[in-house]
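Here, each number is a calculation from the coordinates, and none is a lab measurement. In this text the structure is predicted, and so the values were computed from the model without any measurement. Quick reminder, even Gly has a Cβ in these numbers, built from the backbone with ideal geometry, and neighbours come from all protein chains shown.
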Amino acid sequence: MSLRSILSGVGGYLPERVVTNDELARTVDTSDAWIQERTGIRQRHFAAPHETACFMGAAAARAALAHAGATADDVDAIIVATSTPDQAFPSTAVRVQAQLGMTRGFGFDLAAACTGFVYGLSVADAMIRAGQVSGVLVIGSEVYSRILNWQDRGTCVLFGDGAGAVFLRAGQGNGTDQGILSTHLHAQGSLGDILYVDGAVGQPDRPGHLVMHGKEVFRHAVTRLAGAVEEALAANNLTHRDIDWLVPHQANRRIIDAMGKRLGLAADRVVVTVDRHANTSAASVPLALAEACQDGRIKRGQLVLLEALGGGLTWGSALVRM
């Protein structure tokens, strides 16, 4: 029997500080009405100095392990998707490994912007199917508040901080289709300049702020995501009617609504957290998944479609039977 990646546990962490649109409007030329009309965002969480990508990622990982009834001893590998690591190296993943008290296994970071968690799922699934590992933590952890340009009202109101995690276990494909059915990854580097960070550790004279050409990103988002969704369904001989839940990247409420309509899903079958979390990049999908699993909306046996698009341009989808 073939090995499958079973999603055994989910967890999330949000910083304590909540920042409303009205609070932002005190220092940024914007308003609650302007932000909500264009994005659907009401508030976001901003990290305190101690709430780093490692700190939040470890907290989300502990929650995922507890939800799975597992311990750090069950973890063979940690994959952290982040664009805002604590350091150039060591990786955030090995820092999380230390925070969890692990003395075995391995870890590494993965950079694919907002699509990072979907990329991480794909890598973890491949390692499990190959028999290389039996338990993998896949984490998305981001501190975007530290790379925002507060003079650019078109971007600084869109993002928040947080972390989400899942714990994958190896299981046997014994006639059921539980687990990750397939993942589908894409990138087009020629579109890299429509969403990027203008700086890096190796470029000290550049400011390191997020830059986004919003209209161009929006123009590509729905068509690229729709293509990845159709690809996932076709690969598994499924149709829109087979999907129980859509857990999309939480970037913009209009994009989320458009994807739900394309799939013919009722609004209550689309998990939405963008109103409260804003865009937490690689953390947004696992945070939304964790919330919907832990509040009882998503149940075992249901088919869940994950999708995301981010800078690179990167995009991808994953089908998971819970």
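Observations on the model:
- Here each label is just a point 7 Å from Cα along the line to Cβ, and for Gln99 and Glu230 those points are 4.1 nm apart.
- Rounded to 5, the percent of DSSP beta bridges in the chain classed as antiparallel: 75
- Anisotropy class of the chain from Cα gyration tensor, a/c 1.5 cut: oblate
- For the pair Phe106 and Val28, the difference between a 0.36 nm per residue extended length and the Cα-Cα distance amounts to 23.8 nm.
- Using the Cβ-Cβ distance between Gln294 and Asp198 with R0 set to 45 Å, the FRET efficiency works out to roughly 0.75.
- For the chain: relative contact order, % (alpha-carbon pairs under 8 angstrom, 6 or more apart): 26
- Between the range 125-175 and the range 239-306, the alpha-carbon centres lie 15 Å apart.
- Order of Cys293, Cys156 under a 10 Å beta carbon neighbour criterion, fewest first: Cys156, Cys293
- Over the residues of the chain, the helix contribution to mean residue ellipticity at 222 nm works out to -9000 deg cm²/dmol, using -39500 (n - 2.57) for each DSSP H run of at least 4.
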